[in-house]
Amino acid sequence: MLDGILVGLSTAFMWQNLLYVIVGCFVGTFIGMLPGLGPITAIALMIPITYNIGADSGMILMAGVYYGAIFGGSTSSILINAPGVAGTVASSFDGYPMAKQGHAGKALAIAAYASFTGGTIGALMLMIAAPLLAKVSLSFQSPDYVMLMFLGLTAIAAFSAKGQFLKAMMMTVFGLMLSTVGIDPSSGTERFTFGQADLLDGVSFLLVAMATFALSEALINVIRPEKANQGSNDDDTPVIGSTKLSGAEVKEMAPVVGRSSILGFIIGVLPGAGATIASFMAYATERNLAPKAIRERFGRGEIRGLAAPESANNAACTGSFVPLLTLGIPGSGTTAIMLGALIAYGIQPGPTLMQDNPTVFWSVIVSMYFGNIVLLILNLPLIPYFAKALTLPRSVLTVMILFFSLIGVYLVSFNTFDLFMMVGFALVAVVLRLLSFPMAPLLLGFILGDMIERNYRRAMMISDGSISFIWERPLTLGIFALAMLVLLIPLKEYFQQRKVAQ
Amino acid sequence: MKFALKHLKLAMAGVAMMSTQVLADTHFLIPGGPGGGWDTTARAVGEALVKSGLESNASFQNMSGGGGGRAIAYLIESGNKKGDMLMVNSTPIVLRALSGKIPYSYRDLTPVASVIADYGAFVVRDDSPFKSWKEVIARLEVNPGSVTVAGGSARGSMDHLVAAQAVKAAGVDGRKLRYIPYDAGGKAKAGLLSGEVKMLSTGLSEALDMAKSGQARILAVTAPEPIADYPEIPTLKSLGYDMEFVNWRGFFAAPDLPQAQLDEYTVRLQKLVQSKEWEAVRARNGWLNLFKPQHEFIEALEAQEAQLKVVMEELGFVRR
């Protein structure tokens, strides 16, 4: 391993490779910041260029774009509530309220530090344990994914404010229903498409997130200007706030970031999950672990609620390189493109990659350390300039949010139907939000619903229609038990409280 | 002398350029998102066209949606106006037309030529008890539901139909085959390697990647004859089963494409597949050449349509 690291160091620190890391991180941050547009398009368009620069440099460049986009994606999530990439949707749950309360600078700084830590811990784990972790990625079968997603669903409670559990449940079911639109993943028949060819591919997660968060927020600002102005910028108070974190805050977040990085990395290693799921899971876990007083601040600008998803998504992004580099299995669209590029370089992906092409393997990993430092240096000084966007008059800012969200969705699909659908969703979301329905459970239900369905039906087919798959493997049973525990502990607290009250 | 030769070459290249300038540079329409199989094919062909001097600049447009239907509609609607549009497509255009997922068929377009081929391949994990395709069939003959077969898409997709057809050629009821759908090829591969399913139905190029890295063994391939570079992989035909399946990738133009333009495209693509620039791109991606000009391409499309229709009827995806 030490030889490998040395080979990686010497390759990654060649001046042109350092340059590619910087270019990749810069492009990634920029692409990530634009709402909607993700790393997948940028990397696909880069492929012809990367053929001319060799495998090591090409992979270093593409990896830089990938984690750079996840790093930069939080900026628009925090500032304008429009997620830059799917993996930073959860970052807006607490990041945007913080910005609204005048702590935009701090929120962006937390996102940058958490991303940096998540990415670095991820790179460290990738270096130490990649071959070992390959076994972890293959130990998960469909029933385990079902239970993992079920565990994720128990987080609904985490997304509901006090006394709104029923509303959160209703929104989750709404999300689950939305996820069934499109071609049935098992039988291949059309469901709820109403004969519309544009609905065949289902509804995109980013579109729903953008409509229910950014668009509806902008519309509500128009309808209710007096509410929007609270704690906002039409008076002369500075709204950006300091980017400095207090010692107490750092101390409070350190364990959160540590736990979320490890959790995120492990979820990222699984080919059937990814950065988005990891960020949701970390958010829910941290809320469940937080003391009661802090728990109730989640969703209203709690620093832990921002640090958790931000470290998890970057760690997960790094973790997704485990199945890619050790097994040749892509866990996401972006890694699928990188796999294609590897093959085109004439490199055989799979378990032999580490022996046959150690330079590629190790230089990509080593470049990640450097890349994360570059991202931190690139992002921190820019925070005050980005945050300046919030000092724009509301009449300008609202229009800009509308413009960027619509353009962002259009640039992904180039389909005007998506724009109409997005506006439709936004209008529904405005009504629901005015009735104080929470939006996060909708996204949770939407993203987990699709995965639960696919994996559950697959598990049922493999076990020939018997639910025995729940207890046949210890891993499945273990995650199931954990999910039940998470479900039942709040119930116990509830009954205890009632007893005390009586 | 060397100098003169260089000039002669340049002059010849110039003549070649002039003769191809009858038609503008190609605008490739890609019915899927960036990074997919269609996208890679179109961009690779475009790249080779430019590098070999057949075109000065190729442009690309991704248009996903509607299972590829949106791009077809767009080609029909505006392809003639611009007159420089070529859409990349493959077996799914036949498949999805048959199952009614897209309201068009290749007949609504002008097939130009097929360029590359992939074949169906059946793969087991390296430590699988199955050592040959015959052993799989022997097991299926006892109990057709005893071998789970993974594929990268829903039931009724290419991976499923090819597997069903392959077992049917051995006299096993294709309807009883237990096909397990995954969301993507990569996930299906993970399913096989995790031991969740016993066999994987996939394309030869992916199968070769898995075999070369020692993760899996290829039991059979659906090529009509042994593949030149890999003669050791048995074809179903060589094993004595009458089944072959080709997943072609090719290009279509708008309906009512003038004959002169069609000829120009055909010549250009034919020159392309013979060029050394294309050879580099092809080898890099592990593709197999399958150049078929329009009349041969249409024959192949018709044959494939008939072949798929029979399987889909038997499996109940198309009403008889």
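Derivation of every value follows stated rules applied to the coordinates shown; laboratory data play no part. Computed from a predicted structure; not experimentally measured. In this analysis, Cβ positions are derived from the backbone assuming ideal geometry, glycine residues included, and neighbour counts consider all displayed protein chains.
Taking the alpha carbon gyration tensor of region B:60-106, what are the square roots of 5 times its eigenvalues, largest first, to the nearest whole Å?
19, 10, 10
Need one number: nm distance between label points at A:Ile407 and A:Leu245, each 7 Å from Cα along Cα→Cβ, rounded to one decimal.
Label at A:Ile407, label at A:Leu245, 3.2 nm between them.
What Kirkwood hydrodynamic radius do you get for region A:165-317 when you take the inverse of the mean 1/r over all pairs of distinct Cα atoms, in Å?
Value: 18.6 Å, from the Cα pair sum.
Under the rule of at least 5 residues apart or a separate chain, name every residue whose amide H is placed under 5 Å from the amide H of B:Val147.
Result for B:Val147 returns B:Arg178.
Which whole-number percent is the relative contact order of region B:204-320 (Cα, under 8 Å, 6+ apart)?
13 percent
Taking N as the number of residues in region A:338-385, what value does Rg over Cα atoms divided by 2.2 N^0.38 Å take?
Dividing the Cα Rg of region A:338-385 by 2.2 N^0.38 Å gives 1.62.
Return, ordered by residue number, the residues of region A:193-211 whose backbone nitrogen is under 13 Å from a label point located 7 Å along Cα→Cβ of A:Thr180.
Within reach of a label on A:Thr180, which here means backbone N under 13 Å from a point 7 Å along Cα→Cβ, region A:193-211 contributes A:193.
For the modelled label position 7 Å from the Cα of A:Trp15 along Cα-to-Cβ, which residues of region A:37-74 have backbone nitrogen atoms closer than 14 Å?
none
What are the extents of the Cα atoms of region A:279-362 along their three principal axes, listed from largest to smallest and rounded to whole Å?
Here the Cα extents, ordered largest to smallest, are 55, 21, 16 Å.
Rounded, prolate or oblate: pick one for chain A, where a ≥ b ≥ c are the square roots of the eigenvalues of its C-alpha gyration tensor, a/c under 1.5 means rounded, and failing that, prolate if a/b is larger than b/c, else oblate.
Rounded, since a/c falls under 1.5.
How large is the Kirkwood hydrodynamic radius of chain B, counting all unique pairs of alpha carbons, in Å?
20.8 Å
If I take R0 = 22 Å and measure r between the Cβ atoms of A:Ala481 and B:Ala184 in this structure, what FRET efficiency does the formula 1/(1 + (r/R0)^6) give, to the nearest 0.05?
Step by step, r from the Cβ atoms, then E = 0.15.
Kirkwood hydrodynamic radius, computed over distinct alpha-carbon pairs, for region B:231-301: how many Å, to one decimal?
Every distinct Cα pair counted, the radius reaches 14.7 Å.
How large is log10 of I(q)/I(0) for region B:169-320 at q = 0.14 Å⁻¹ when the intensity is taken from the Debye formula with one equal scatterer per alpha-carbon?
-0.96
With a cut-off of 8 Å between alpha carbons and a minimum separation of six or more residues, what is the relative contact order of chain B in percent?
Reported relative contact order: 24 percent.
Over all residues in A:334-345, what is the mean tally of Cβ atoms on other chains that come within 10 Å of each residue's Cβ?
Rounded to a whole number, the mean comes out at 4.
Calculated FRET efficiency, B:Asn143 and A:Val136, Cβ-Cβ r, R0 51 Å, to nearest 0.05?
E between B:Asn143 and A:Val136, to the nearest 0.05, is 0.95.
Per DSSP helix of 4 or more residues, -39500 (n - 2.57); summed, then divided by the residues of the protein assembly as shown. What does that give at 222 nm, rounded to the nearest 500?
-19500 deg cm²/dmol
If you average the sequence gap of Cα pairs under 8 Å that are 6 or more apart and divide by the length of chain A, what percent do you get for the contact order?
About 28 percent, as a whole number.
Can you pull the mean other chain C-beta count within 10 Å for peptide B:177-189?
The mean count of partner-chain Cβ atoms within 10 Å per residue comes to 6.
Treating the beta-carbon of each Lys and Arg as +1 and of each Asp and Glu as -1, no other charges, what is the dipole magnitude of region A:131-223 about its Cα centre, to the nearest 20 debye?
So the magnitude is around 380 debye.
Using the crude model of +1 on Lys and Arg Cβ and -1 on Asp and Glu Cβ, and no other charge, please compute the dipole size for region A:409-485 relative to its Cα centre, in debye to 20.
In debye, rounded to 20, region A:409-485 gives about 80.
For region A:388-502, place one equal point scatterer on every Cα, skip the solvent, and apply the Debye formula. What is log10 of I(q)/I(0) at q = 0.13, 0.14, 0.17 Å⁻¹?
At q = 0.13, 0.14, 0.17 Å⁻¹ the computed log10 ratios are -0.89, -0.93, -1.02.
Taking each residue of A:183-190 in turn, how many C-beta atoms of other protein chains fall within 10 Å of its C-beta, and what is the average?
Per-residue shielding by partner chains comes out at 6.
Would you work out which of A:Leu339, A:Pro309, A:Val27 lies farthest towards the positive end of the dipole of chain A? Charges go on Cβ: Lys and Arg +1, Asp and Glu -1.
About the Cα centre, the residue reaching furthest to the positive side is A:Pro309.
For a paramagnetic label modelled at 7 Å from the Cα of A:Ile53 toward its Cβ, which residues of region A:314-358 fall within the zone defined by backbone nitrogen distances under 16 Å?
Within reach of a label on A:Ile53: A:338, A:341-342, A:345.
Hey, what does the equivalent ellipsoid look like for region B:62-182, semi-axes from the Cα gyration tensor as sqrt of 5 times each eigenvalue, largest first, whole Å?
Working from the Cα gyration tensor, I get semi-axes of 37, 14, 12 Å.
Mind sorting A:Val364, B:Val318 by how few other Cβ atoms lie within 10 Å of their own Cβ, fewest first?
Arranged by neighbour count, lowest to highest, A:Val364, B:Val318 become B:Val318, A:Val364.
What's the magnitude of the charge dipole for chain A around its Cα centre, counting Lys and Arg as +1 and Asp and Glu as -1 at the beta-carbon? Answer in Debye, nearest 20.
Computed about the Cα centre, the dipole is about 1280 debye.
Which of B:Leu204, B:Gln307, A:Asn288 sits closest to the plus end of the dipole of the protein assembly as shown, meaning its Cα is farthest towards the positive end, when Lys and Arg get +1 and Asp and Glu get -1 on the C-beta?
Of the candidates, A:Asn288 comes out farthest on the positive side.
By count of other Cβ within 10 Å, fewest leading, how are A:Leu263, A:Leu434 ordered?
A:Leu434, A:Leu263
Taking Cα atoms of region A:102-217, Rg/Rh with Kirkwood Rh, to two decimals?
Result: Rg/Rh = 1.05.
Over 20 Å between C-alpha atoms is what I'm after, so list which of A:Lys135/B:Lys134; B:Lys51/B:Lys81; B:Lys101/B:Lys168; B:Lys131/B:Lys212; A:Lys292/A:Lys492; B:Lys51/B:Lys276 land there.
Checking Cα-Cα distances, A:Lys135/B:Lys134; B:Lys51/B:Lys81; B:Lys101/B:Lys168 exceed 20 Å.
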